[in-house]
Amino acid sequence: MIDEARRLAPRFAARAARHDRDGSFPADDFADLRRAGLFGLMVPARLGGAGAGFADYAAVAYELARGNGATALIFNMHASVTGALAGVTDDLADALGLPPEALRARDDHLAAAALGSWYAVAMSERGAGSRLSQLSTTYTRAGGGFRITGAKTFCSGAGHADAYLIAARSAADPAQVSQFLVPAGDGLRVEPTWDALGMRATGSHDLHVDVTVPEGALLGGVEGLALVVAQLAPHWMVASYAAVYVGVARAAVDAAVTHVTERKLGHLPAVRARIGRADAAVAAAHLAVMEAARRVDEAPGDAETNRWVWRAKLIAGTTAADVAASMLEAAGTSAMRRGHPLERLYRDARAGSLQPATSDVCADWLGVDAIGGDPDTDGSAPRW
Ligand SMILES: Cc1cc2nc3c(=O)[nH]c(=O)nc-3n(C[C@H](O)[C@H](O)[C@H](O)COP(=O)(O)OP(=O)(O)OC[C@H]3O[C@@H](n4cnc5c(N)ncnc54)[C@H](O)[C@@H]3O)c2cc1C
């Protein structure tokens, strides 16, 4: 799968400028991902997938992002849904008291992904960001299932996914935040609002929700699991973007090397030094991401694993923005023209620190931890 991602990246890169300019969903990239079987990356082999771990995912995301960060970011949402579902092992399900129907539904969603379905994430809301505890989308019990109503924003791939993971709070008991996998179609309306500085091809539009779903759409089969899952698997909520932004940063270094070689600027010491510093910074960020990912696979949930998860997101986000800015400066004004790869990468890299957990939030989490507090509860605002 990593080789497949490496093979596809140049194809994505060749299409990236057009999708960025038009703000259009990279449908052709997604057709390639489907054909390569990458929608089944996180799906266990017994359900027809590749059975990848988190480190495998990080390696794939890095390669895809070297081609087009926006494509890799949308793919990250699908990997998060399937990875978190696959992470609910039968033992964990027992510990959480999940009903057998929920495990059958988990397997159905995963098997469908291995056959080519892909899932988007509709968690964030205007005003609440991605903080689960602050969401205003609600659900009520209706007939044999649930009626979900509300409005989401920043939904990458909106209008193109086969189903959407929608987070909502119970109208009957607002402390319960649950997640549903809702098929595309009636009851979901996309409002095209995404015309952003960077990651333009993610098409992260608003999604209006007024839909009734059967009982089986409730992930885990038990209400109120969303916050539990966020704390049990912070790597999907925090660190999965990190690999994407390190890939974007590496693409910026590659684009700068191509540019300075073509323009015969490589003899200039200041240009060479910028490229040298950027190369080292990206390599270090990549190591931090892979270290976090290795620990997630080996010791998920450990205090030190979680520290690495938050470190990785912080380092990746800030490195991407810093490196892309420096590479643009090394390349000069001609690289600022619309359509130049560095101009797009500079804007795409800018989003890394802003995606949750933002760099500031990561730094606060790590700082609270370093001075002996509980970083999940002792922040100035709810983490989730
Ligand atoms: C390219 C892109 C694609 C995205 N795709 C998706 C998607 O597919 N699905 C989805 O659901 N969302 C998606 N998002 C949205 C993302 O997950 C966040 O929810 C969103 O960026 C938060 O937006 P916000 O403007 O409310 O900022 P916030 O995260 O609320 O941040 C605003 C400010 O408050 C600070 N802050 C926030 N929380 C805390 C805290 N606990 N403690 C201290 N300070 C804090 C931040 O550092 C920042 O300075 C995407 C975002 C981007 C940029």
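The values are calculated or read from the model by the stated rules, or taken from the named source; none is laboratory data. Computed from a predicted structure; not experimentally measured. Backbone-built Cβ (ideal geometry, glycine too); neighbour counts: all protein chains shown. Each accessible area value is taken on the protein alone, full model and side chains, heavy atoms only, with ligands, DNA and RNA left out. Shrake-Rupley method; radii C 1.70, N 1.55, O 1.52, S 1.80 Å.
Some notes on this structure:
- Ellipticity estimate at 222 nm from DSSP helix runs (n ≥ 4, -39,500 (n - 2.57)) divided over the chain, nearest 500: -17000 deg cm²/dmol
- Solvent-accessible surface of the chain, averaged per residue with a 1.4 angstrom probe and all protein chains in place: 41 square angstrom.
- Between the Cα long axis of helix 240-262 and the first principal axis of the chain there is an angle of about 20°, rounded to the nearest 10.
- Extension gain (nm, one decimal) between D173 and A370, 0.36 nm per residue minus Cα-Cα: 67.4 nm
- Electrostatic bookkeeping for G216 treats Lys and Arg as +1 and Asp and Glu as -1; over the other residues with beta carbon under 12 Å from its beta carbon, the sum is -2.
- Structural descriptor for the range 128-236: relative contact order 32 percent, calculated from alpha carbon pairs under 8 angstrom and at least 6 residues apart.
- Apportionment of accessible area to carbon and sulfur, the chain, percent (1.4 Å): 54
- With the largest listed first and rounded to whole Å, the semi-axes of the equivalent ellipsoid of the chain from the Cα gyration tensor are 35, 22, 20.
- The order of the peptides 318-328, 238-248 by mean Cβ neighbours within 10 Å, most packed first, is 238-248, 318-328.
- Relative contact order [Cα under 8 Å, 6+ residues apart], the chain, whole percent: 17
- The angle between the Cα long axis of helix 54-67 and the longest principal axis of the Cα atoms of the chain comes to about 50 degrees, rounded to the nearest 10.
- Largest first, the extents of the alpha carbon coordinates of the range 227-373 on the three principal axes equal 53, 27, 26 Å.
- Separation of the R272 and R11 label points, Cα + 7 Å toward Cβ, nm: 3.9
- Evaluated over the range 2-118, the Cα radius of gyration and Dmax, each in Å: 15.3, 49
- Value of Rg/Rh across the range 95-246 [Cα atoms, Kirkwood radius]: 0.95
- Extension gain, V228 back to R263 (0.36 nm per residue minus Cα-Cα distance, nm): 7.3 nm
- Cβ-derived FRET efficiency at R0 22 Å, A363 paired with L287, nearest 0.05: 0.70
- Cα-only Debye scattering, the range 163-239: base-10 log of I(q)/I(0) at q = 0.20 Å⁻¹: -1.03
- Relative contact order, percent, the range 2-118 [alpha-carbon distance under 8 Å, six or more residues apart]: 34
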